[in-house]
Amino acid sequence: MEQVDVVIVGAGLAGLTAAAAAAGRGRSVVVLDGQAPGGRARTDVVRGFRFNRGAHALYVGGVGNSVLDRLGVHLPSVLPPLKGARGRRGDRLGMLPAGPLSLARTDLVSAKGKVRLVRALAGARRWRPATLADRTVSTWFDELGLDGDERDLVAMLTRTATYVADHEVASADVAAGQLQLALGAGVRYLHGGWGRLIDELATKAARAGAELRAGAAVSRIEPEAGRTSVHAADGRALLARQVILASGPPKACAALLEESPTAWTDAGPEAAAACLDLGFDHVPDVTVVLGVDRPVYLIRHAPPADLAPPGGSVVHAMRYLTADEHPEPGAGRAELTDYAKVAGADPADAVEQRYLHRMVVCSVVPTPQRGGLAGRPGISSAGPPGVLVAGDWVGPEGHLADAALASGEAAGRTAARALDEGDRTIPTASR
């Protein structure tokens with residue numbers, strides 16, 4: 001049986017980050033995945049158009065960006081096109097307030113609502129998200145004194161920053177933290193899409209000595225003589241000193257274990273979205289149109305990001321879904337098609353389209369019942385010795401991609417450190 005220091009199951013953001021972190025400390029690392037690298041962070045290339053699997057944006061002030069800096073991963077990026085941003089309430093399009101002047105001029109919020117909005121957001125920098133983990137987003141909005149059309153506007157900003165539509169369920173620490181990031185340094189779009197980030201992480205891991213084996217699905221892992229045997233679907237097996245499960249949501253990771261960890265039970269609902277990506281051979285006169293009274297979003301990714309052939313553009317529309325929403329595919333696509341038409345990016349004029357009916361955007365939404373972000377399962381929660389876990393639902397830091405990157409780095413470093421400590425307990429002559 002082949003022996004290796006660290007086996008990582010899953011080649012998404014968390015798995016590749018774990019591989020780069022562990023291999024960077026001189027350990028032999030093998031990454032196994034039944035699919036092409038990337039997971040939900042893949043970028044699909046269709047006739048030169050690069051369609052991200054979702055409206056991916058990297059938060060400049062987020063923990064994920066810090067992880068990438070430590071790994072030495074630096075990618076060209078650009079600010080989103082916020083000039084001319086509009087909001088839609090009912091059938092009316094209005095100026096989206098992005099500062100004092102636009103707030104004064106917009107008709108999306110009443111005069112009294114503008115006063116309440118300014119009062120609520122004035123102290124955003126002083127929010128302490130960790131203290132809000134015991135209440136829902138909706139309860140927190142009540143405490144902020146949001147009531148009426150300004151509440152709709154803050155709810156819209158929260159959906160955009162968190163990808164979470166069910167504010168009666170999600171914990172307020174997630175909303176407050178993401179709003180601080182959005183209102184602070186903001187986000188950047190990656191040239192070439194998030195697939196370029198996946199490529200860079202894979203390259204970084206490979207240069208450190210990690211081996212990526214795509215098309216190698218894992219069926220189960222089992223303890224074996226102080227190690228862990230990792231069994232692939234094709235019958236082959238590896239014997240690992242440390243294993244990191246980064247294969248997706250709790251159910252997917254638990255399926256590889258002999259027993260499902262108690263800490264993963266009822267971890268929280270998933271968040272999903274319906275997505276319509278449009279590739280044009282020209283640039284429509286639209287930048288951003290956000291639904292104020294409906295959970296719908298539209299933005300032009302390219303330009304400014306490099307995601308389209310010369311002279312072309314990519315426009316992305318998305319409908320945020322709650323855990324119990326399951327619209328019919330035809331109805332979901334029709335809603336986004338109509339929304340894009342109103343926004344000024346008629347799908348009938350697109351040369352390429354891609355529709356994802358129900359894409360999981362967050363494996364587990366933190367809830368007050370579980371203690372918010374701090375209550376998420378830790379990287380050591382899998383149970384068996386020598387088995388760690390990483391993903392967007394693991395660890396107390398970050399949300400969405402930030403959580404995947406942070407937990408991946410933590411798991412990779414922890415695995416390498418455990419091996420270092422184990423080696424030091426073995427006499428040199430016996431190694």
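The values are calculated or read from the model by the stated rules, or taken from the named source; none is laboratory data. Everything quoted here is computed from the prediction, not taken from an experiment. Note: ideal-geometry Cβ built from the backbone for every residue, glycine included; neighbour counts use all protein chains shown. Only protein heavy atoms, including side chains, enter the accessible area calculation; ligands, DNA and RNA are left aside. Shrake-Rupley method; radii C 1.70, N 1.55, O 1.52, S 1.80 Å.
Things to note:
- Unique match (being part of a loop (DSSP other than H, G, I, E, B) and either under 25 Å from residue 401 (Cβ atoms) or touching a residue at least 24 places away in the same chain (Cβ under 8 Å) (or both)) among 263, 305: 305
- Within the span defined as the stretch 229-242, one or more residues are surrounded by 15 or more Cβ atoms within 10 Å (Cβ to Cβ) and under 26 Å from the mean Cα position of the chain (by Cα).
- Sole exception among (1) more than 20 Å from residue 412 (Cβ to Cβ); (2) over 24 Å from the mean Cα position of the chain (by Cα); (3) surrounded by fewer than 21 Cβ atoms within 10 Å (Cβ to Cβ); (4) touching a residue at least 40 places away in the same chain (Cβ under 8 Å) for residue 104, by number: (4)
- Flag if residue 93 is over 26 Å from residue 362 (Cα atoms), in a strand (DSSP E or B), open to solvent by 30 Å² or more (accessible area, probe 1.4 Å) and not charged (D, E, K, R): yes
- Odd one out for residue 219 among (1) more than 18 Å from residue 75 (Cα to Cα); (2) in contact with a strand residue (DSSP E or B) (Cβ under 7 Å, 6 or more places away or on another chain); (3) in contact (Cβ under 8 Å) with a residue 40 or more places away in the chain; (4) not in a loop (DSSP other than H, G, I, E, B): (3)
- Residue satisfying condition, being touching a strand residue (DSSP E or B) at 6+ places or on another chain (Cβ under 9 Å), buried (at least 22 other Cβ atoms within 10 Å of the Cβ) and either assigned to a strand (DSSP E or B) or not β-branched (Val, Ile, Thr) (or both), within set 37, 81: 37
- Where residue 209 falls short, out of the listed (1) part of a helix (DSSP H, G or I); (2) open to solvent by 30 Å² or more (accessible area, probe 1.4 Å); (3) not charged (D, E, K, R): (1)
- Applying the criterion of being touching a residue at least 24 places away in the same chain (Cβ under 8 Å) and open to solvent by 40 Å² or more (accessible area, probe 1.4 Å) to the residues of the stretch 115-126, the residue that is farthest from residue 374 (Cα to Cα) is 116.
- Among the residues making up the stretch 309-349, a single one is aliphatic (A, V, I, L, M), surrounded by fewer than 23 Cβ atoms within 10 Å (Cβ to Cβ) and assigned to a loop (DSSP other than H, G, I, E, B): 323.
- Residues satisfying the criterion are present in the stretch 146-168 (criterion: open to solvent by less than 10 Å² (accessible area, probe 1.4 Å) and of a type in the set (S, T, N, Q)).
- For the stretch 173-206, the tally of residues that are open to solvent by 50 Å² or more (accessible area, probe 1.4 Å) and part of a helix (DSSP H, G or I) stands at 8.
- Inclusion of residue 407 among residues that are in contact (Cβ under 8 Å) with a residue 60 or more places away in the chain, closer than 26 Å to residue 221 by Cα and outside any helix (DSSP H, G or I) is not warranted.
- Flag for residue 50 being surrounded by 21 or more Cβ atoms within 10 Å (Cβ to Cβ), in a strand (DSSP E or B), in contact (Cβ under 8 Å) with a residue 24 or more places away in the chain and in contact with a Ser or Thr (Cβ under 7 Å, 6 or more places away or on another chain): yes
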